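What follows draws every value from the coordinates through simple rules; no lab data is involved. Because the structure is a prediction, the values reported are computed rather than measured. So basically every Cβ, Gly included, is an ideal-geometry build from the backbone, and we count neighbours across all protein chains shown.
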Amino acid sequence: MAVNRRHFMTTAAALGGAVLLAPPGTAQALAAGTASGLPGIPDYQPTKASLDTHPVPRWYKDAKFGIFVHWGIYSVIGGATPRSASEWYLWYQSTKDTAEWKYHRDTYGENVTYDDLIPQFKAEKYDPDAWVKLFEQAGAEYFALTSKHHDGFALYPSKVTDRHSVAYGPKRDLVGELMTAARKRGTVRPGLYYSLGEFFNPAIGRPMRNFYTDQEIPMTGYKPVQDYVGDYELKQLYEIVDRYDPELLWADGQWFRPTGNPPWRSEEPMAHYYNQAKNRRNPKGVVINDRFDTHFDFATYEQRTNPTMDPQKWECCMTIGYSWGYNKHEPDEDYKTSEFLIQLLADVVSKNGNLLLNIGPKPDGTIPEIMQERLKDIGAWLKVNGAAIYGSTPWVRAEEEGTPLGIRYTVSPGKFNIIVLGKPSGTLSVPGDIPISATSRIRLLGTSGSLRWTRRDGKINITVPSSLPSDIANVFTVDWAR
Amino acid sequence: MGISNGTQFDALGPTLTVTTQPAEPASGDKVTATAVLTNDCPFPLLNAVLHLINPRATTAAKTIPLGDLRPGTKTTRRWETAIPADMAGDVSFTAHVVFDVNDHSSDCARSAKTFTVPYEPNGVRDPYRTFATTDDAKFGQYGSQLVIWAGGRDFSGGTDEKGGILLPGSAAESSVVQVETVSLTGSDNPTAKYGIAVANDLTAPEKGGYAVLTMSKSYGVEFMTDSDGNGHLDTWAGGGVSTHPALLRLVRSGTTYTAYTSTNNGLSWNEIASATVPSASGALDAGVVASAVNLNYPGTTVQAVFDHFTVEES
């Protein structure tokens, strides 16, 4: 059975569809002028205690699967070695004799700086509508695009710096175009990643250098500020919240602290973010990750999973290959298989997590074919089996140990779902404590009709059809009349 | 649609709590656990089912259908059990409630009362045997868990001091030895380690077939083998950062050993290295080992806890 995807109305669409990309300040104007807000919920205050009263929005709990996008100047270079993180190239290059330091010298020469490569970041084939359609095909319910990564190059026109994609490189508002495309289609919720700290920035106490001569060099687009946090970082946070109204804020880079290690003072923009989301005619739920060094809605597990069920909502973020940004040296065999990724999704969801799977577009804006293939494979599986994923919740235990094939459990309204990782044959046996009554029907998603089953020796034994919908994971769903 | 627009179903709750009487029970105590579920959501919990779970159990001791719970409803349920004498470590009484939010979404809440029962060196039972190359080793067995207390100056090719628990002659020509390394405590030494060991005779490594696969306190996994059969570990692979708990797996195919680790409960395995140990012969001893590696931390010992130790033919 195909899953009915949850199309949603955005604030802009609800207001008549006229404003898809709101100008700065729109959200506040809505809040102050016309919004009815949420009755009984006081405004969030810029304190951790107040922010901790913010609930994880229902849509995020239900969504389960999102797409992470790392895109920037580093995509031009495409990594130094097959297994290097291309988005960290600038940092690694700053240390003598690293692979990046040598690669840069040998490829571009000692006098060509990282910023000299910005003009090659052209995004000439960037088609945000096609991106959103691909996310949709993948079965993703949300995405997070790097509005600014650790190299400080913003993909939107920031007012506090000219180091952005409208002034340099593509000369386009890459963030705005994707947010608009997402809102037009109304199928995938738009989110933004933002790096609090930066590798190099004069205001952070680490000016840009030529890493071969050690000479300090100008940082492209830099506008001098006194206080990195107050005059620059916080203002950028307000910019992306007020201009793009994202459903998700995904912070990172909090470890690149300015000299003197002042706190990030993130509580104020976080409270503003929550308040502008609720104080409008059609309030919406928004969500924040755990890298602001203060309150959070969900915990992040980078390149790993939570091995146990966790009542605290969490998210596994993972690359398809090794690198987050595009790495042209990465061989196909270093990409995770569709089998692994689909089974990973089932595992994560069974333990109360979401999966945020990363792609790294090329500098021209195209998405590597192998990444598209992986996303479409996941989407094809979700089209058949999504009923056991979207809107589900963990059962009393997430998995079955000691079974030949891995088994993961989820619960959805009126259903108990047995997700078998792999291709069972003959009889599938599961412990007799699963919720099932004598009149329960068991179906295999992707097929019609009910399956024969018996209870014997404390086990539920299900007769498995000879032909299965998937070689990767199959969902046996039990009617659960509670 | 309901779920897509607005924040109607965004809520912190419901609130689920678990308490026990006595509050800090010991091994063998009879315990009354109480779960209190309060629906402080602004919407009803539909078709709610409450599961009450005993320590270390994966099956609910009680499953209680609660029907629909209106906002403000408070439900209390109790269950009783005795803490088995062979249970130690973190012991949790858990309540888990599953409910529907609407036709599209289910949700759950989970809460546990956890307390710690200290491990004591209670020895091991058949078919396990113990061995040690350090004077201060002690051993325990709690259900599926094995515990080693050990000092030892080093655990490498030069100095090989450790405590161990073994299954004699258990690893056939084609076999898989696997264990969950649960915790390593008692020392801040980042190089203290615990893991799997195999040998023709683990009490006499000089008889050949010797290899170990360990997780260190902080410096990742180490796979060491004795390539020339003299009883000294002389090859090394591994590194990185440590994860506790983790799964270690050593696959034997004749004289070829391949080491793996998993940090996601076995969903995927990372191969550490493969090595040939020509002196491996017949069915090997397989076991778990631990060492404080206390040369630079004089007098310290570690408590190493393992679970789910298995040796299977492949």
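Under the definition of Cα pairs under 8 Å and six or more residues apart, what whole-number percent is the relative contact order of chain A? Please report the intermediate quantities before stating the final value.
Details: 1018 pairs, mean separation 95.1, N = 482.
Dividing the mean separation by the residue count of chain A yields 20 percent.
Protection proxy ranking for A:151-158, B:208-215, using the average of other Cβ atoms within 10 Å per residue and placing the highest first: B:208-215, A:151-158.
Between A:Ala167 and A:Glu373, residue separation times 0.36 nm minus the direct Cα-Cα distance comes to 70.8 nm.
Just from its helices, what would the mean residue ellipticity at 222 nm be for the protein assembly as shown, if runs of 4 or more DSSP H residues each count -39500 (n - 2.57) and the sum is divided by every residue, rounded to the nearest 500 deg cm²/dmol?
On the way: 13 runs with 111 residues, N = 796.
It lands at -4000 deg cm²/dmol.
When the inverse distances between all different Cα atoms of the stretch A:45-188 are averaged and flipped, the Kirkwood radius reads 17.4 angstrom.
Scalar couplings 3J(HN,Hα) for the stretch B:25-38, obtained by applying the Karplus form with A = 6.51, B = -1.76, C = 1.60 to θ = phi - 60°, are x, 10, 3, x, 5, 7, 10, 9, 9, 10, 9, 10, 10, 10 Hz; x denotes Gly and Pro. Note on chain A: Cα-only Rg and Dmax are 23.9, 78 Å. With one equal scatterer per alpha carbon and no solvent term, the Debye-computed log10 I(q)/I(0) for chain B at 0.09, 0.13, 0.14 1/Å reads -0.57, -0.91, -0.98.
The stretch B:166-314 has equivalent-ellipsoid semi-axes of 23, 17, 14 Å, by the square roots of 5 times the alpha carbon gyration tensor eigenvalues, sorted largest first. Close amide-amide hydrogen proximity is noted between B:Tyr210 and B:Asn200, B:Asp226, each under 5 Å apart and 5 or more residues distant or on a separate chain (H modeled in the peptide plane; Pro and chain starts excluded).
From the Cα gyration tensor of the stretch A:399-479, with a ≥ b ≥ c the square roots of its eigenvalues, which class applies: rounded if a/c is under 1.5, or else prolate if a/b is larger than b/c, or else oblate?
Working: a/c = 1.26, a/b = 1.11, b/c = 1.13.
Note, shape of the stretch A:399-479 comes out rounded.
The orientation-averaged projected area of the convex hull spanned by the Cα atoms of the stretch B:15-117 comes to 6.3 nm².
Summarising the label geometry, the points placed 7 Å from Cα in the beta-carbon direction at B:Asp126 and A:Tyr212 lie 7.5 nm from one another. For A:Glu268 and B:Thr310, a Förster radius of 41 Å and the Cβ-Cβ distance give a FRET efficiency of 0.15, rounded to the nearest 0.05.
State log₁₀ I(q)/I(0) for the stretch A:219-291 at q = 0.11, 0.18, 0.20, 0.25 Å⁻¹ as given by the Debye formula over alpha-carbon point scatterers of equal weight, solvent excluded. Evaluating at q = 0.11, 0.18, 0.20, 0.25 Å⁻¹ gives log10 I(q)/I(0) of -0.32, -0.78, -0.93, -1.26. With contacts taken as Cα pairs under 8 Å and at least 6 residues apart, the stretch B:15-117 reaches a relative contact order of 33 percent.
Based on the Cβ-Cβ distance from A:Asp106 to A:Glu339, what FRET efficiency comes out when R0 is 41 Å, to the nearest 0.05? E(calc), rounded to 0.05, equals 0.60.
With the simple spin-label model, which puts each label point 7 Å out from Cα in the Cβ direction, the A:Ser450 to A:Thr403 separation comes to 2.1 nm.
Per-residue shielding of B:91-100, expressed as the average number of other chain Cβ atoms within 10 Å of the residue Cβ, stands at 3. Per-residue mean of foreign Cβ neighbours for B:107-119 is 2 (Cβ atoms of other chains, 10 Å radius). If you bin all the Cα-Cα distances of the stretch B:226-314 at 10 Å, starting from zero, the percentages per bin are 13, 40, 37, 10, 0. So what's the angle, to the nearest 10 degrees on a 0 to 90 scale, between helix A:267-278 and the longest Cα principal axis of chain A? For A:267-278 against chain A, the angle is about 50 degrees. The calculated FRET efficiency for B:Asp29 paired with B:Lys62, based on their beta-carbon distance and R0 = 25 Å, is about 0.80. Computed over the stretch A:122-233, the quotient of the alpha carbon radius of gyration and 2.2 N^0.38 Å is 1.23.
Residue by residue through B:265-271, how many Cβ atoms from other chains fall within 10 Å of the Cβ on average?
Working: counts 10, 5, 12, 6, 0, 0, 0.
The mean count of partner-chain Cβ atoms within 10 Å per residue comes to 5.
With the convex hull of its Cα atoms as the shape, the stretch B:130-224 has an orientation-averaged projected area of 6.3 nm².
Close amide H pairs (under 5 Å, H built 1.01 Å from N) link A:Arg189 with A:Tyr142, A:Phe143, residues at least 5 positions away or on another chain.
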